[in-house]
1. Looking at V34, V18, V39, which one is open to solvent by less than 80 Å² (accessible area, probe 1.4 Å), part of a strand (DSSP E or B), out of contact with any Asp or Glu (no Cβ under 7 Å at 6 or more places or on another chain) and closer than 16 Å to T90 by Cβ?
2. Which condition from (1) in a helix (DSSP H, G or I); (2) touching a Phe, Trp or Tyr at 6+ places or on another chain (Cβ under 7 Å); (3) of a type in the set (D, E, K, R) is the one that D23 breaks?
3. Return the pairs, sorted by first residue and then second, in which the second residue is open to solvent by less than 90 Å² (accessible area, probe 1.4 Å) and among the hydroxyl-bearing types (S, T, Y), the first residue lies in the range 90-110 and is farther than 18 Å from K15 by Cα and modelled with pLDDT under 85, the beta carbons are less than 6 Å apart, and the residues are 6+ apart or on different chains.
4. For the range 122-131, indicate whether the set of residues that are more than 30 Å from A7 (Cβ to Cβ), surrounded by 10 or more Cβ atoms within 10 Å (Cβ to Cβ) and modelled with pLDDT of 75 or more is non-empty.
5. When you check R8 against the structure, is it assigned to a helix (DSSP H, G or I), over 21 Å from L87 (Cα atoms) and touching a strand residue (DSSP E or B) at 6+ places or on another chain (Cβ under 9 Å), yes or no?
6. From (1) closer than 24 Å to R6 by Cα; (2) part of a loop (DSSP other than H, G, I, E, B), pick out the condition that doesn't hold for F93.
7. Before we move on, is E69 more than 22 Å from the chain's Cα centre (by Cα) and over 13 Å from R13 (Cα atoms)?
8. Please work out which one of (1) open to solvent by 70 Å² or more (accessible area, probe 1.4 Å); (2) over 31 Å from the mean Cα position of the chain (by Cα); (3) of a type outside the set (S, T, Y); (4) modelled with pLDDT of 85 or more is the condition I85 fails and give its number.
Amino acid sequence: MVDKPRARKLADRIKVIVAQMLDTRIKDPRLGFVTITDVRVTGDLQNASVFYTVYGNDEERAGTAAALESAKGIIRSEVGKQTGIRLTPTLEFHLDSVPDTAAHLDVALHEAARRDAELAALREKATYAGDADPYKKPSADDATETDGSTDSDEVAPA
């Protein structure tokens, strides 16, 4: 049984190796501005999922995906050489959705800030629907009465 710290260490090492390979040895013109964001290794150390982001449009992302798929064998052999483990994990490249999610959250936060500003502007112009202080306060006349009646028995004048 494999312990999780070993899988984590292997994932960190694979992340460094793949980033170095893309920076120095892979010279595919389809390869865009790629950043390796995360690597996850299965518990049995047989499969590694490499998550990456690409700066650019959808066409550049598709070209980068094709370049990574064609360079997968070279990258895997280098991972095997540098890690020195008995079985080299298979590599799967996945486009990371974190930047898209972050952009969506950024838009949602700006919309919430805009709505908060609108509410604050409306709140400044707002007035009370009734009295400023809606709670009943005993008057001087109520304090002098001694007939034993309570405030709930009295009817307020209209």
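The values are calculated or read from the model by the stated rules, or taken from the named source; none is laboratory data. Computed from a prediction, not measured in an experiment: that's the story for all the values here. Cβ coordinates were reconstructed from backbone atoms using ideal geometry, including for glycine residues, and neighbour counts include every protein chain displayed. With ligands, DNA and RNA removed, areas are computed over all heavy atoms of the protein, side chains included. Shrake-Rupley method; radii C 1.70, N 1.55, O 1.52, S 1.80 Å.
1. V39
2. It is condition (2) that D23 fails.
3. What qualifies is P99/T53.
4. no
5. Values: assigned to a helix (DSSP H, G or I): yes; over 21 Å from L87 (Cα atoms): no; touching a strand residue (DSSP E or B) at 6+ places or on another chain (Cβ under 9 Å): yes.
It is false that R8 is assigned to a helix (DSSP H, G or I), over 21 Å from L87 (Cα atoms) and touching a strand residue (DSSP E or B) at 6+ places or on another chain (Cβ under 9 Å).
6. (2)
7. yes
8. Of (1) open to solvent by 70 Å² or more (accessible area, probe 1.4 Å); (2) over 31 Å from the mean Cα position of the chain (by Cα); (3) of a type outside the set (S, T, Y); (4) modelled with pLDDT of 85 or more, only one is false for I85: (1).
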